[in-house]
1. Please compute the length gained on full extension between ARG345 and ASP274, using 0.36 nm multiplied by the number of residues separating them and subtracting their Cα-Cα distance.
2. How large is ³J(HN,Hα), in whole Hz, for each residue of the stretch 120-128 in order, when computed from phi with the Karplus curve 6.51 cos²θ - 1.76 cosθ + 1.60 and θ = phi - 60°, using x for Gly and Pro?
3. With angles folded into 0 to 90 degrees, how steeply does helix 140-152 sit against the dominant principal axis of the chain? Use alpha carbons for both and round to 10.
4. Report, for the stretch 192-357, the % of DSSP beta bridges that are antiparallel, rounded to 5.
5. Evaluate the relative contact order of the chain (contact order divided by residue number), counting alpha-carbon pairs under 8 angstrom at least 6 apart; express in whole percent.
6. For helix 231-242, what angle does its Cα long axis make with the longest principal axis of the chain, in degrees from 0 to 90 and rounded to 10?
7. Decide, for the stretch 192-357, between rounded, prolate and oblate: order the square roots of the alpha carbon gyration tensor eigenvalues as a ≥ b ≥ c, take rounded if a/c falls under 1.5, and otherwise choose prolate if a/b is larger than b/c, else oblate.
8. Do the sum for the chain: with -39,500 (n - 2.57) for every DSSP H run of n ≥ 4, divided by all residues, what is the mean residue ellipticity at 222 nm, to the nearest 500 deg cm²/dmol?
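Derivation of every value follows stated rules applied to the coordinates shown; laboratory data play no part. The structure presented is a predicted model; accordingly, all values stated were derived computationally and were not measured.
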Amino acid sequence: MPADRRLKVLRLANFVSPTSGGIRTVMRRLSHAHADLGVHSTIVVPGPSSGIEAVPGVLDVGTLPGMPLAPGQPYRLVLSRPAIRSLIDEVRPDVVEVHDQLTLAWVGGECRGRGIRSVLVAHERLDLLAAFWSRLPVAARPTLRWLARLGRSVDAVVAPSEFAATPYADAGIDVSVIPWGVDHSIFHLRDVTTRSSEARPTAGGDSEAKPTAGGIRLVHAGRLSAEKDPTLSARAAEYIAGTGVDVELIVIGSGPEAAQVARHPHARMVGYVDGPHRMAELLRSADVFVAPGPFETFGVSALEAMACGLPVVCRESGSISEIPQTRPAPGTAQGFGEAALALRRDPRARAGSAASAASYTWEEAARQLLAGYER
């Protein structure tokens with residue numbers, strides 16, 4: 001490649017909505033970090049129409065027409081192969097990142113035929129999700145065979161954790177484990193002595209001062225869907241209340257399980273939070289972050305919470321336990337509740353969480369990805 005031409009990366013994803021967090025955050029943060037390394041990124045996701053807009057000097061962001069996944073669901077899917085082929089012709093990328101292991105699985109073969117390098121980013125454990133949603137453990141087997149074929153159809157596979165990499169590594173496919181990062185200019189530890197007068201979020205988004213001395217304030221952040229088990233956070237809060245400790249659970253996010261979570265008396269529903277600064281404020285107002293999802297392949301929100309000084313209780317399964325200083329717990333109300341109380345009493349927990357998160361940066365993730373492109 002000529003020295004005066006920037007490397008061009010096209011990032012494609014389905015299952016991204018205006019209110020989704022994880023995959024959208026990863027693609028945007030990597031694109032911003034890559035801009036500083038001389039890489040020009042184009043992100044394209046489903047939308048009601050087609051169009052690409054430029055963020056000058058940083059990246060292009062656009063949509064292709066997508067079909068609604070299901071009534072009441074926020075997701076759309078780009079299923080038109082001619083539309084994606086035309087997009088590749090228009091962008092003329094050097095690298096195509098595929099952020100979908102299901103509906104965009106064919107893109108790796110398309111890129112190979114065009115002499116374009118393709119990179120698959122494994123955001124989910126499709127084998128475990130297939131077994132969960134079908135309620136048939138044997139459903140994982142054909143899914144694993146699918147993932148093995150998919151991994152061989154691309155030039156490289158990237159996973160954000162050892163947990164996410166497992167299906168490909170077990171199939172003998174080389175996987176680069178590149179942990180995601182956190183924006184430390186926004187998510188950072190503030191003087192903990194000011195916390196007792198910080199605002200308590202309410203369901204309507206207003207706030208009122210409430211000290212946490214003698215009690216505990218938990219925070220849960222993420223899509224409220226069954227596979228993420230958000231009701232475990234609410235049940236853990238109920239367990240804590242049963243021990244005689246004043247407890248409040250701040251619930252950030254939306255999804256089909258929202259109404260069920262809201263029925264719990266200690267839950268305060270904040271809904272979808274648009275903007276990282278507001279998210280950071282909410283995280284800093286709490287004592288402990290609870291991450292109950294059993295299938296998480298990284299957990300950006302958990303890492304952001306740690307950067308804000310929150311200790312994290314996570315499931316023993318999943319990837320969040322791979323992050324140093326997290327507290328894995330059994331997936332029961334008692335297991336999560338006892339772990340949260342222990343962390344609340346530990347005077348070193350907040351500083352330990354912040355120190356652990358400090359080594360996770362988007363800049364480092366972007367550098368490792370770029371090195372993989374050039375191999």
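1. Details: separation 71, 0.36 × 71 = 25.56 nm, distance 3.17 nm.
Contour length minus Cα-Cα distance gives 22.4 nm.
2. 8, 10, 8, 8, 10, 9, 4, 5, 6
3. 50 degrees
4. Working: 3 of 21 bridges.
The answer is about 15 percent antiparallel.
5. Values: 773 pairs, mean separation 52.7, N = 375.
Rounded, it is 14 percent for the chain.
6. The answer is roughly 10 degrees.
7. Values: a/c = 1.17, a/b = 1.03, b/c = 1.14.
Because its axes are fairly even, with a/c under 1.5, the stretch 192-357 counts as rounded.
8. Working: 13 runs with 133 residues, N = 375.
It lands at -10500 deg cm²/dmol.
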